[in-house]
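The values are calculated or read from the model by the stated rules, or taken from the named source; none is laboratory data. This is a predicted model, so every value here is computed, not measured. Glycine gets a Cβ as well: all are built from the backbone with ideal geometry, and neighbour counts include every protein chain shown.
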Amino acid sequence: MWIGVLCGLLAGALWGLVFIAPALLAAFSPLELAVGRYLAYGALALGLLLPRLKTLLADLAPADHAALLRHALAGNIVYYILLAMGVKYAGVAPTSLIVGMVPVVVTLLGRKDHDAVPLRRLALPLLLVAAGIACINADTFLHAAPGSATGDIVLGVACASGALLCWSWYALDNARYLKRNPQFSSTQWSALYGLATGIVALGMGAAAWVGGAAFGAAAADPTAAAAPRDWALFWTCNALLALGASTIGNGLWNVASRRVPVTLTGQLILFETLFALLYGFVYRGHGPRPLELAAIALLVAGVTWSVRAHAGRPAPSAAEPGDLDLGEARAVAGAAHRHQA
């Protein structure tokens, strides 16, 4: 189980980067950000799958195609469009704290799974999580930017809430599907998932370009037309997100999803929130304020307590054939090294 916890932590460190990209690329619309990121992810996944693509595709059942499509939409494209809109209109901190509610939502939705810990044992850890999120909320309202339009903030909060619902459903459905289908290795499923996402992103981008439907940055933000549109930075950021957050991060998360109970899977998603806050502090150039420090301490305490609550329970299967073995781990690391080189 502890390998699963470590993989969840590393995945959260990589996923936290996605909250910073929309702030760095403010001149681009959320649709452009999603299409660019997932075109890069799809291209990278295609390269990883190419030697065995024909065999893998031949082995996919109709249920696998349906799962890949719904995960590509809910877990990647729709989620990221909503997240980028949340960052654009509400800011990094509010969006990360709303999406940080995923552990609570996933825990509640997964409470009837056969390997779930009873909610009464998770009540106090969840209270710590809720207190931490309340601290972040309080800090956000106390330090709101002057002149912020109420309508923009409401839209951003609504989009972040939609991202929360998308990712909560995806996290549960993905974890359950992987446990029912051990014939797919973690890296295979992540690569197939990336390829499916790339195909959907290509279709969405082509449709938006042909129809001229809000693909430009000016359509998403009236002030974006005057902002410089650095396409080199755009593709660099998207390539790094495709490699780190999507390919390696999703592979690590698939390992975690197989090795820990679904209720703990929800708690591990909090690492994404913590790293997003950390990167946000670096981006804005100063450290956390007192309420933010309290929030971080409460969130870490809640996750640690939850891990201890699960420690005495057997992992779903510590040696399923679909788990990431040493050779696959080296393949992922090798792909990362080749890409960086």
Pick from the range 283-299 the residues that are surrounded by 16 or more Cβ atoms within 10 Å (Cβ to Cβ) and among the aliphatic types (A, V, I, L, M): which of them is nearest to L108 (Cα to Cα)? L299
Confirm whether P51 is exposed (fewer than 15 other Cβ atoms within 10 Å of the Cβ) and not in a helix (DSSP H, G or I). no
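Using the structure shown, decide if A21 is of a type in the set (A, V, I, L, M, F, W, C) and farther than 17 Å from L172 by Cα. If you could, list the steps in order and put the result at the bottom.
Values: of a type in the set (A, V, I, L, M, F, W, C): yes; farther than 17 Å from L172 by Cα: yes.
When the stated conditions are applied, A21 passes them.
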Test set (1) over 25 Å from I296 (Cβ atoms); (2) at pLDDT 85 or above; (3) of a type outside the set (D, E) - A191 fails condition number: (2)
From L68, L82, L97, L108, residue being farther than 14 Å from P22 by Cβ, at pLDDT 90 or above, part of a helix (DSSP H, G or I) and not basic (K, R): L68
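Have a look at A63, A11, A58 and point out the one that is touching a residue at least 60 places away in the same chain (Cβ under 8 Å) and part of a helix (DSSP H, G or I).
Working: A63 fails: touching a residue at least 60 places away in the same chain (Cβ under 8 Å); A58 fails: touching a residue at least 60 places away in the same chain (Cβ under 8 Å).
The match here is A11.
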Going residue by residue through the range 21-37, is there one that turns out to be in contact (Cβ under 8 Å) with a residue 24 or more places away in the chain, within 18 Å of W189 (Cα to Cα) and assigned to a helix (DSSP H, G or I)? no
If we keep just the residues of the range 235-277 that are among the small types (G, A, S) and buried (at least 23 other Cβ atoms within 10 Å of the Cβ), which is nearest to L24 (Cα to Cα)? A276
Pick from the range 150-194 the residues that are over 23 Å from I248 (Cβ atoms) and β-branched (V, I, T): which of them is surrounded by the fewest Cβ atoms within 10 Å (Cβ to Cβ)? T150
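Taking the options A201, A207, A175, A196, name whichever one is modelled with pLDDT under 85 and aliphatic (A, V, I, L, M).
Numbers: A201 fails: modelled with pLDDT under 85; A207 fails: modelled with pLDDT under 85; A196 fails: modelled with pLDDT under 85.
Going through A201, A207, A175, A196 in turn, just one is modelled with pLDDT under 85 and aliphatic (A, V, I, L, M): A175.
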State whether one or more residues within the range 72-84 are free of Cβ contacts under 8 Å to residues at least 60 places away in the same chain and surrounded by fewer than 21 Cβ atoms within 10 Å (Cβ to Cβ). no
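Please find, among A294, A309, the residue that is assigned to a helix (DSSP H, G or I) and modelled with pLDDT of 80 or more. Even if it seems obvious, please write down each step before you answer.
Working: A309 fails: modelled with pLDDT of 80 or more.
Going through A294, A309 in turn, just one is assigned to a helix (DSSP H, G or I) and modelled with pLDDT of 80 or more: A294.
Quick check on F28: is it of a type in the set (A, V, I, L, M, F, W, C), over 13 Å from the mean Cα position of the chain (by Cα) and buried (at least 21 other Cβ atoms within 10 Å of the Cβ)?
Numbers: of a type in the set (A, V, I, L, M, F, W, C): yes; over 13 Å from the mean Cα position of the chain (by Cα): yes; buried (at least 21 other Cβ atoms within 10 Å of the Cβ): yes.
Considered against the rule, which asks whether it is of a type in the set (A, V, I, L, M, F, W, C), over 13 Å from the mean Cα position of the chain (by Cα) and buried (at least 21 other Cβ atoms within 10 Å of the Cβ), F28 comes out as yes.
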Are any of the residues in the range 4-25 modelled with pLDDT under 85, of a type outside the set (G, A, S) and over 22 Å from L252 (Cα atoms)? no
Could we say that A40 is free of Cβ contacts under 8 Å to residues at least 60 places away in the same chain and either outside any helix (DSSP H, G or I) or of a type in the set (A, V, I, L, M) (or both) here? no
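Take the conditions within 19 Å of K88 (Cα to Cα), at pLDDT 80 or above and either surrounded by fewer than 23 Cβ atoms within 10 Å (Cβ to Cβ) or more than 21 Å from the chain's Cα centre (by Cα) (or both) and apply them to G280. Does it pass?
Details: within 19 Å of K88 (Cα to Cα): yes; at pLDDT 80 or above: yes; either surrounded by fewer than 23 Cβ atoms within 10 Å (Cβ to Cβ) or more than 21 Å from the chain's Cα centre (by Cα) (or both): yes.
The answer is yes for G280.
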